[in-house]
Amino acid sequence: MWQSLTLVARRSDSLVSLAVLVLSGGAALITAGCGSQVKSAAIPSAVADKALAGSPPALAALHRQANQLLGGGTPAFTGRRLDLRGYPVVVNKWASWCGPCQSEFPIFQRVSVAYGRRVAFVGVDANDHTSAARAFLHTFPVTYPSYSDPHQTISSSIKANTYFPQTVFINRGGRVVFQHAGPYLNAKALEQDIQHYALGAAS
């Protein structure tokens, strides 16, 4: 059984300085500390809409499902992956009970808007309760949908069933090319991995 962790993170101008790695078995390695509670960094919807206007159809379809929690399990997720062939995909696995996920979501809120016309972002909500997940998304709205994955079958299909959070990079041909275990601590780190694994030569 996983265990939830109550964590607070110190917030700086560059988002969050927290390094916590949570295993699905409930163990945690905590390397940084306390302070004020993490706050959402969602870009206003009108600004996000303007930034994402003109996105290719497959990416625009994601934006139309912004912040939704989708069902359908692995078949639905696999179908979406097929729909996204030709575009790099960044899959972020999270859970509402996961403190490091809370620290990381403001980063994804910003970066998914900045790169959303070129890169597909998809969430996977694993080992979670639907009501808690929807409440989490209400606090941390994003411009892309998440798939409900209560038994980690979707996570297993992309070999992401160990850590919370975990981010998987899938290239234009549909192949997993990189996995980032644990939270991104700042937007620059996520952007660097997007540039290298999603948009760069490694993709």
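Values in this text are rule-based calculations from the coordinates and carry no lab data. As the structure is a computational prediction, the values presented were derived from the model and not from experiment. No Cβ is skipped: glycine too gets one built from the backbone with ideal geometry, and neighbour counts run over all protein chains shown.
Numbers at a glance
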{"read-out": "Search result, residues across the stretch 71-102 that are over 14 Å from the mean Cα position of the chain (by Cα), under 13 Å from residue 147 (Cα atoms) and not small (Gly, Ala, Ser)", "value": "74, 75, 77, 78, 80, 81"}
{"read-out": "Some residue of the stretch 134-150 being free of Cβ contacts under 8 Å to residues at least 40 places away in the same chain, over 13 Å from the mean Cα position of the chain (by Cα) and under 22 Å from residue 180 (Cα atoms)", "value": "yes"}
{"read-out": "Hits in the stretch 171-203 - residues which are part of a strand (DSSP E or B) and in contact with a helix residue (DSSP H, G or I) (Cβ under 7 Å, 6 or more places away or on another chain)", "value": "177, 178, 180"}
{"read-out": "Only one of 166, 102, 152, 109 that is at positive phi and of a type in the set (S, T, N, Q)", "value": "152"}
{"read-out": "Candidate set: the stretch 161-177, residues that are more than 15 Å from residue 119 (Cα to Cα) and more than 12 Å from the chain's Cα centre (by Cα); chosen: the one surrounded by the fewest Cβ atoms within 10 Å (Cβ to Cβ)", "value": "162"}
{"read-out": "Residue in the stretch 162-198 that is nearest to residue 107 (Cα to Cα), counting only those that are in contact (Cβ under 8 Å) with a residue 24 or more places away in the chain and among the small types (Gly, Ala, Ser)", "value": "187"}
{"read-out": "Qualifying residue in the stretch 139-149 (condition: in a helix (DSSP H, G or I), surrounded by fewer than 16 Cβ atoms within 10 Å (Cβ to Cβ) and out of contact with any Asp or Glu (no Cβ under 8 Å at 6 or more places or on another chain))", "value": "yes"}
